[in-house]
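Working notes, structure below.
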């Protein structure tokens, strides 16, 4: 059984706002054909895992903000990391 605790502060690195600032990935600021690179340290986290994380974040962004048909993103593993493009 889990006990419920009250007034436990959220760690600073996990705090995000829904107004667009303090987000991990800049999906809301992207225009069509814009991209961003997530650098990968292959000794810490495999690029395929980072790609999966970015794909999931893009999917959640589209669902959360009702952009399911209007916005599309593509991710690809590159030599320096994982790149994500907004394609629609």
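The values are calculated or read from the model by the stated rules, or taken from the named source; none is laboratory data. Not measured: the values here are computed from a predicted model. Cβ atoms come from the backbone with ideal geometry, glycine included; neighbour counts cover every protein chain shown.
Where the second residue is part of a strand (DSSP E or B) and surrounded by 14 or more Cβ atoms within 10 Å (Cβ to Cβ) and the first is without any contact (Cβ under 8 Å) to a residue 60 or more places away in the chain and on the phi > 0 side of the Ramachandran plot and lies in segment 70-88, which pairs have Cβ atoms under 6 Å and are six or more apart or on separate chains?
81/38
Is there any pair with a first residue in segment 45-59 that is under 12 Å from residue 83 (Cβ atoms) and a second that is modelled with pLDDT of 95 or more and surrounded by fewer than 12 Cβ atoms within 10 Å (Cβ to Cβ) whose Cβ atoms are under 7 Å apart and which are 6 or more apart or on different chains, and what are they?
If the second residue must be modelled with pLDDT of 95 or more and surrounded by fewer than 12 Cβ atoms within 10 Å (Cβ to Cβ), no pairs are left.
Out of all the residues in segment 12-25, is one or more surrounded by 11 or more Cβ atoms within 10 Å (Cβ to Cβ) and modelled with pLDDT of 90 or more? Write out each step before concluding.
From segment 12-25, those surrounded by 11 or more Cβ atoms within 10 Å (Cβ to Cβ) are 16, 20, 22-25; that's our starting set.
Now drop any that are not modelled with pLDDT of 90 or more, which leaves 25.
Taking every residue of segment 12-25 in turn, at least one turns out to be surrounded by 11 or more Cβ atoms within 10 Å (Cβ to Cβ) and modelled with pLDDT of 90 or more.
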